Amino acid sequence: MLATRVTEKPKLSKDFTVCECCLSAAALHGYNGHQSNNRVKKDLLYMIRFENVSYTYPQGEKPAVNDLTFELPSGSFHFLSGPSGAGKTTIFKMLYLDILPTEGKTMLLGKNVGNLSRNEIALLRRQMGIVFQDFRLLDNLSVRENVLLPLTLHGAPSAEQEKCVDEILDWVGLGHKTHEQPERLSGGEKQRVGIARAVVNRPKLLIADEPTGNVDTAMGKRILHLFCELHKHGTTVLLATHDRELVENFGFPCLYVQDGCIKKIIPGGQELPKQSEIEDAA
Amino acid sequence: MAYKVAQAAKKALSLDYSGANRLLLLMTIMLCWLIAVGAASITIFSNVYQVWQLNQQGQISLYLLPSSDDSEIQNLQEKLVAFPAVSAIQKLDQHKVQSLLQPYFQTTQAFPLPVVLVATVKPNIDRQKFDALVHTLAPTAEIDDNRAMLQVIAKTVNLSQWGIFVFSVILMGIMSLLVILTVRTGLREQKKALSILQFLGGTDAFLTNLIVRQIVLRSLLGWGIALCIAIAIVVCIAFIWPFLGNLLTPQVWLVLFFTPLLLPIIAWVTASTTAYSIVQKS
Ligand SMILES: Nc1ncnc2c1ncn2[C@@H]1O[C@H](COP(=O)(O)OP(=O)(O)OP(=O)(O)O)[C@@H](O)[C@H]1O
Ligand SMILES: [Mg+2]
């Protein structure tokens, strides 16, 4: 087990620049970077805190997550990487409270998730943006309606929010497909709808499972820029990816997961180690 | 709970896709119509019965021997008019007596006809004292006592009212079953949508409300359609048989409008409990 406290300040790589579009998307959200950042930091020190967490699937033989301990400070940006089957999605499932740990304690946004009522779980999820590896879009809704969905949980969205939805869809390159049904979209397009839906609600915590898995490199970067912009304005981001180049280019620390444990924390801007190097270190 | 629900959320958990939903609308129209027409008819029936009962209770016939002399009859008439709650007393002429007795005897001519006195009385008459007075003044007089017959008719009316009540309870049971069926099949088809809405932060109350409002709106639509059909039929009947039109008191119209509203109320209660339990289990 590797107990992890990730407090290192993320560094941006040299070629990272925030484009104007990104800023305008954030402005449409009504973000005020410094204020929002301070608010989150004052409220709680750690956005996510896992203490000796294990999880074994009912049909599983060995634990998918094994005695995992780590903390992510509020307002931080981390990558989660590791080989296929390492347990990244399982960690995410615990984060969006689809499953509860079979052992150990999980704290989210300062709350012990083991003691939450169903209503509190719902309210906690409203503060999160979730990008699912399998998209989870509603086929009977148009692209635009899918993205609007998180805003409808509080009543009818305002005109400003609706405009913001259109801006975000433009930003992820789907401005021309807002009235399309998701079943008529490609994998990458579906993924971008899922991303738009996750960020539309100004989440305090954004967890994205392989958000760039189905898109080309340029679009991957564009999506990462959007996440960076949210992060700059106070959102804590945890992003699972296999894409080494993305991790290395964007200069945020990376938690390397294998066999349900964090094997290594790679500081921002450094090259990801080879599989064999990690095994040797472990 | 948000009162104004946004289109996207409504569409997300729409029950339109389930066949049971159409069945619910059709059956609501039918059941509402049955209840409306049934309740209106029973109201007309009981109104007619009450008027008839008052008429019956308002008259007492006295049969005196054909040999009774005029002074005896005169005396009886005077004493009875003075009796409390008797408003008038009238001696029927021989023609009327003959026509009254015609159905019971084939050849009335062969017998001497009795003398018949008809007393018009108020409902608060003390029958025991009245009967006692008649017997002291004219010991051989027969008093026409229709109380037994009135009781039999009252029982029949009571029984038919109970019958209609039991029938209504059965209709309500059918309505509940239909609502349960619609919500269950509808939500089974919308399982994915339900779980996505939950991950986006939909509370149990919000999701239940999304389903319940669809059922309630549908049953209100059924009520409206059934009402239009029922009113059209009643107006036609009143047009064809004007004497029936006279029976349509404001009370009948009120019953016609509001009794079938019971079904949307039942639909609301059943849908709330069923949907809440399914949402909680999911
Ligand atoms: N529903 C399930 N039932 C049983 N075992 C499961 C289930 N889902 C995942 N697992 C197992 O748990 C382990 C971790 O799976 P997980 O999906 O978390 O991996 P991952 O790191 O997200 O992989 P990938 O990079 O391929 O998405 C795997 O060994 C997998 O076989
Ligand atoms: Mg995964």
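Given the conditions (1) within 16 Å of ligand 2 (Cβ to nearest atom); (2) on the phi > 0 side of the Ramachandran plot; (3) open to solvent by less than 40 Å² (accessible area, probe 1.4 Å), which single one is not true for residue A:109?
Checking residue A:109 against (1) within 16 Å of ligand 2 (Cβ to nearest atom); (2) on the phi > 0 side of the Ramachandran plot; (3) open to solvent by less than 40 Å² (accessible area, probe 1.4 Å), the one that fails is (1).
Count, please, the residues in region A:152-204 that happen to be within 12 Å of chain B (Cβ to nearest Cβ), among the small types (Gly, Ala, Ser) and surrounded by 21 or more Cβ atoms within 10 Å (Cβ to Cβ).
2
Considering only residues that are more than 16 Å from ligand 1 (Cβ to nearest atom) and at pLDDT 85 or above, which ones fall in region A:239-282? Break it down into steps so the answer makes sense when it comes.
Initial filter on region A:239-282 (more than 16 Å from ligand 1 (Cβ to nearest atom)): A:245, A:248-253, A:265-271, A:273-274, A:276-277, A:279-282.
Within region A:239-282, A:245, A:248, A:249, A:250, A:251, A:252, A:253, A:265, A:266, A:267 qualify.
What number goes with the only condition from (1) more than 10 Å from chain B (Cβ to nearest Cβ); (2) open to solvent by less than 50 Å² (accessible area, probe 1.4 Å) that residue A:100 does not pass?
Evaluating residue A:100 over (1) more than 10 Å from chain B (Cβ to nearest Cβ); (2) open to solvent by less than 50 Å² (accessible area, probe 1.4 Å) leaves (2) as the failure.
If we scan region A:121-133, do we find a residue that is within 14 Å of ligand 2 (Cβ to nearest atom) and either farther than 15 Å from residue B:198 by Cβ or out of contact with any strand residue (DSSP E or B) (no Cβ under 8 Å at 6 or more places or on another chain) (or both)?
Let us first name the residues in region A:121-133 that are within 14 Å of ligand 2 (Cβ to nearest atom), namely A:130-133.
Now restrict to residues that are either farther than 15 Å from residue B:198 by Cβ or out of contact with any strand residue (DSSP E or B) (no Cβ under 8 Å at 6 or more places or on another chain) (or both): A:131, A:133.
Checked region A:121-133: at least one residue is within 14 Å of ligand 2 (Cβ to nearest atom) and either farther than 15 Å from residue B:198 by Cβ or out of contact with any strand residue (DSSP E or B) (no Cβ under 8 Å at 6 or more places or on another chain) (or both).
Taking the conditions exactly as written (open to solvent by less than 30 Å² (accessible area, probe 1.4 Å) and either within 16 Å of ligand 2 (Cβ to nearest atom) or at pLDDT 90 or above (or both)), does residue A:81 satisfy them or not?
Details: open to solvent by less than 30 Å² (accessible area, probe 1.4 Å): yes; either within 16 Å of ligand 2 (Cβ to nearest atom) or at pLDDT 90 or above (or both): yes.
Yes: the conditions hold for residue A:81.
From the residues in region A:206-230 that are under 17 Å from residue A:130 (Cβ atoms) and small (Gly, Ala, Ser), which one is surrounded by the fewest Cβ atoms within 10 Å (Cβ to Cβ)?
Filtering first and then ranking leaves A:213.
Tell me which residues, restricted to region A:205-216, are within 14 Å of chain B (Cβ to nearest Cβ) and within 16 Å of ligand 2 (Cβ to nearest atom).
Within region A:205-216, the subset within 14 Å of chain B (Cβ to nearest Cβ) is A:205-209.
Within region A:205-216, A:207, A:208, A:209 qualify.
All but one of (1) within 16 Å of ligand 2 (Cβ to nearest atom); (2) touching a Phe, Trp or Tyr at 6+ places or on another chain (Cβ under 8 Å); (3) open to solvent by 20 Å² or more (accessible area, probe 1.4 Å) hold for residue A:233; state the number of the condition that does not hold.
The number of the failed condition is (1).
Please specify each residue of region A:112-125 satisfying the condition of being surrounded by fewer than 17 Cβ atoms within 10 Å (Cβ to Cβ) and within 12 Å of another protein chain (Cβ to nearest Cβ).
Taking region A:112-125 as the starting set, the residues that turn out to be surrounded by fewer than 17 Cβ atoms within 10 Å (Cβ to Cβ) are A:112, A:114-120, A:123.
Hits for region A:112-125 are A:117, A:118, A:119, A:120, A:123.
In region A:70-98, what residues are among the polar types (S, T, N, Q) and near ligand 1 (Cβ under 10 Å from one of its atoms)? Please lay out each step first, then the result.
Taking region A:70-98 first, the residues among the polar types (S, T, N, Q) are A:74, A:76, A:81, A:84, A:89-90.
If the condition is that a residue be among the polar types (S, T, N, Q) and near ligand 1 (Cβ under 10 Å from one of its atoms), then A:81, A:84, A:89, A:90 are the ones that fit.
Please find, within region A:84-106, the residue that is farthest from ligand 2 (Cβ to nearest atom) out of those that are β-branched (Val, Ile, Thr) and under 30 Å from residue A:270 (Cα atoms).
Taking region A:84-106 first, the residues β-branched (Val, Ile, Thr) are A:89-91, A:99, A:102, A:106.
Checking the rest, the ones that are also under 30 Å from residue A:270 (Cα atoms) come to A:89-91, A:106.
Working: A:89: 3, A:90: 8, A:91: 9, A:106: 18 Å.
My answer is A:106.
The values are calculated or read from the model by the stated rules, or taken from the named source; none is laboratory data. Please read these numbers as outputs of a predicted model, since none were measured by experiment. Glycine gets a Cβ as well: all are built from the backbone with ideal geometry, and neighbour counts include every protein chain shown. Note: areas computed on protein heavy atoms with side chains; ligands, DNA, RNA excluded. Shrake-Rupley method; radii C 1.70, N 1.55, O 1.52, S 1.80 Å.
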